[in-house]
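The values are calculated or read from the model by the stated rules, or taken from the named source; none is laboratory data. Just so it is clear, the model here is predicted, and its values are computed rather than measured. Neighbour counts run over all protein chains shown; Cβ positions are idealised from the backbone, glycine included. Surface accessibility is based on the protein's heavy atoms, side chains included, excluding ligands, DNA and RNA. Shrake-Rupley method; radii C 1.70, N 1.55, O 1.52, S 1.80 Å.
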Amino acid sequence: MTSDLTRLTGLLARSEGTAPAPDWAAARTALRTDLPADYKELVETYGGGLVDGYLLLLEPNCPNGVYDLLKISAEREEAHDSLWRFEDKPDEMRTPGSRLVCWATTDNGEYLYWLVQPDDDPDTRTIMINSESGEDWERHDMTVTRFLAAVLAGEIRSESLWDEFPLPRHEFRPARRLQDEARPGPAGEGSGVEP
């Protein structure tokens, strides 16, 4: 376990049990790029899920589609392709062949991406956060695990994310459990918990 992940697990308790590891080779094929090693270790430790009732950590091929990295990344890439026909890309996207892969989103509609550039090193990718309005971009030059640990520890304050994030007491809710909670109960009624 990396030092950043060890630090994160001290801040954000994991649920009991483990989710099966994603098929990383299939994710690489679908995304046309490899994913950072720290992210793989993060997902193998936590799985996809909800952090502090706000940030949705995505997982490749998550059975709860709200948390599926491949699905969300494809949707965002299509949206950006349409948008950038008429609007300017962020300056970081000026290099030909640059693109974004979404690794998290929020309840408010912000998106967190890796900036993927031709022949780059996945383990040194920049994090790009797009505000809910879609107009503002924020950049962080660090891994996902280091970013999450720093945010939850109060060392980084994002201008794009919700003012109330993170919460004083951190909570992680696995996506697979949220999916089960949202299924109708025996009387045909849902639990009231949204995925």
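Here is a yes/no grid of residues against (1) surrounded by fewer than 21 Cβ atoms within 10 Å (Cβ to Cβ); (2) among the aliphatic types (A, V, I, L, M); (3) under 23 Å from HIS170 (Cβ atoms):
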position	(1), (2), (3)
ARG32	yes, no, no
LYS40	yes, no, yes
VAL43	no, yes, yes
ASN61	yes, no, no
VAL66	yes, yes, yes
GLU75	yes, no, no
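Pick from ASP107, ASP88, ASP123: which is closer than 22 Å to THR29 by Cα and not basic (Lys, Arg)? Please lay out each step first, then the result.
Details: ASP107 fails: closer than 22 Å to THR29 by Cα; ASP88 fails: closer than 22 Å to THR29 by Cα.
The unique qualifying residue is ASP123.
Residues in the range 41-76 that are without any contact (Cβ under 8 Å) to a residue 24 or more places away in the chain and of a type in the set (Lys, Arg): LYS71 only. ALA13 meets each of the listed conditions (1) open to solvent by less than 10 Å² (accessible area, probe 1.4 Å); (2) out of contact with any Lys or Arg (no Cβ under 6 Å at 6 or more places or on another chain) apart from (1).
For PRO22, state whether it is closer than 19 Å to ARG177 by Cβ, touching an Asp or Glu at 6+ places or on another chain (Cβ under 8 Å) and open to solvent by 10 Å² or more (accessible area, probe 1.4 Å). It is true that PRO22 is closer than 19 Å to ARG177 by Cβ, touching an Asp or Glu at 6+ places or on another chain (Cβ under 8 Å) and open to solvent by 10 Å² or more (accessible area, probe 1.4 Å).
To keep it simple, each residue is scored yes or no on (1) without any contact (Cβ under 8 Å) to a residue 24 or more places away in the chain; (2) hydroxyl-bearing (Ser, Thr, Tyr); (3) not in a loop (DSSP other than H, G, I, E, B).
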position: GLY97; (1), (2), (3): yes, no, no
position: THR105; (1), (2), (3): no, yes, yes
position: GLY109; (1), (2), (3): yes, no, no
position: ASP119; (1), (2), (3): yes, no, no
position: ILE129; (1), (2), (3): no, no, yes
position: SER133; (1), (2), (3): yes, yes, no
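If we only count helices (runs of 4 or more DSSP H) wholly inside the range 1-93, which ones have 1 or more residues that are within 29 Å of GLU164 (Cα to Cα), in contact with a Phe, Trp or Tyr (Cβ under 7 Å, 6 or more places away or on another chain) and among the charged types (D, E, K, R)?
Answer list for the range 1-93: 37-46, 69-83.
For the range 151-159, the criterion of a residue being surrounded by 12 or more Cβ atoms within 10 Å (Cβ to Cβ), within 15 Å of the chain's Cα centre (by Cα) and either outside any loop (DSSP other than H, G, I, E, B) or at pLDDT below 90 (or both) is satisfied by at least one position.
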